[in-house]
Amino acid sequence: MMGTDQKTALVLGATGGIGGEMARRLAAAGWRVRALHRDPARRGASDDGFTWINGDAMRAADVTAAADGASLIVHAVNPPGYRNWGQLVLPMVDASVAAATAQGARIFLPGTVYNYGPDAFPLVGENAPQNPVTRKGAIRVEMERRLRKAVERGAKLLILRAGDFFGPRSGNTWFAQGLVKPGRPLTRVVNPGRPGIGHQWAYLPDVAETALRLLERADQLDDAATFHFEGFWDADGAAMAAAIARAVGDSALPIRRFPWPLLRLAAPFVPLFRELAEMRYLWEQPVRLDNRRLVAFLGEEPRTGLDEAVRRTLVGLGCLPGA
């Protein structure tokens, strides 16, 4: 466990899915957690156990000031609704890099499979070549390149790469924007994948718990450490929809195909649809992250049972009544 003088973390993106989970899990483990927000007064009273600080993740001066005394910067910030994603993401990374190098802090980045192309599929290890086939993938590769360059200037890095997120407080995900409709009882499930094609899912509380366990052994990590998280491997692309049906208690719950052709027609006019359409290739072939390095290091990968994880997610999204 880190010493008390090393247990301050700055979280960028604490209003999002993985950023929020990381902030809450770190606070529960005894870290002093600061969360950067452009208008913290709008957050109101919070019992999450961390402190909101006024600042903009685009401004290096704001991030550096908020990170004063911190040994960890959680970089989990994304532009809302993917608006101007390509123009905003790299300046945000540069701001985190400036803060981390000033503090000698470690940056934690939730990684994605976007970095990889078909030459790395189907089973992807940490050292697989990163030859992305999409614009978004190329930007993710550049993000990680800049973060690794920061290690040469005194910062440290931890990347935990995972599949598609889902969880009780995750709105900007395929689960919440594609499979179900938050805030209403379920009458159907929409499946984006092809029948028989595997897909990888990551339950956000398990990802945050895994990251915490890695950070608690920071003295054993490389300065630029990367691990892959397996989560739930849906081998035939039907297991997640079946788990949703079990949670609802309706084995006859209709399962519909995702309307990819309509999405492409609307993509030029809706930034979110454009970004989703670009990721279609990840639903058309199996892409599985190899977690053997993670299991060898930690001894196990934290994992909530699929049915329980799906039930908690649906309750959190307002699709099922709470207990």
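The values are calculated or read from the model by the stated rules, or taken from the named source; none is laboratory data. Values in this document were obtained by computation on a predicted structure and should not be read as measured data. Because the Cβ atoms are built from the backbone with ideal geometry, glycine has one as well, and the counts that use them run over all protein chains shown. Note: areas computed on protein heavy atoms with side chains; ligands, DNA, RNA excluded. Shrake-Rupley method; radii C 1.70, N 1.55, O 1.52, S 1.80 Å.
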Between ILE73, ILE255, ILE159, where does the largest GNM mean-square fluctuation fall for the chain, given springs only between Cα atoms within less than 10 Å?
ILE255
Can you give the helix-only mean residue ellipticity at 222 nm for the chain, where every DSSP H stretch with n ≥ 4 adds -39500 (n - 2.57) and the sum goes over all residues, rounded to the nearest 500 deg cm²/dmol?
-10500 deg cm²/dmol
Accessible area of the chain with a 1.4 Å probe: how many percent of it is carbon plus sulfur?
50 percent
Over region 129-247, what is the mean sequence separation of C-alpha contacts under 8 Å (at least six apart), divided by residue count, expressed as relative contact order in percent?
31 percent
Loop GluC sites (Glu not before Pro), region 220-313, which have at most 15 other Cβ atoms in a 10 Å radius of their Cβ (DSSP)
GLU284, GLU300
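Taking the DSSP beta bridges in the chain as the whole, what percent of them are antiparallel, to the nearest 5? List each step's numbers first, then the result.
Details: 3 of 38 bridges.
Taking every DSSP beta bridge with both residues in the chain, the antiparallel ones total about 10 percent.
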Once the mean 1/r over all distinct Cα pairs of the chain is inverted, what Kirkwood radius in angstroms do you read off?
20.2 Å
Using heavy-atom solvent-accessible surface (probe 1.4 Å) with all chains present, what is the largest-first order of ASP223, ASP48?
ASP223, ASP48
I need the fraction of alpha carbon pairs in region 229-323 separated by more than 24 Å, rounded to a whole percent.
44 percent
In square angstrom, rounded to the nearest 10, how much accessible surface does HIS37 have for a 1.4 Å probe?
40 Å²
Regression test value, accessible area per residue of the chain, probe 1.4 Å, units Å², expected 43 Å²
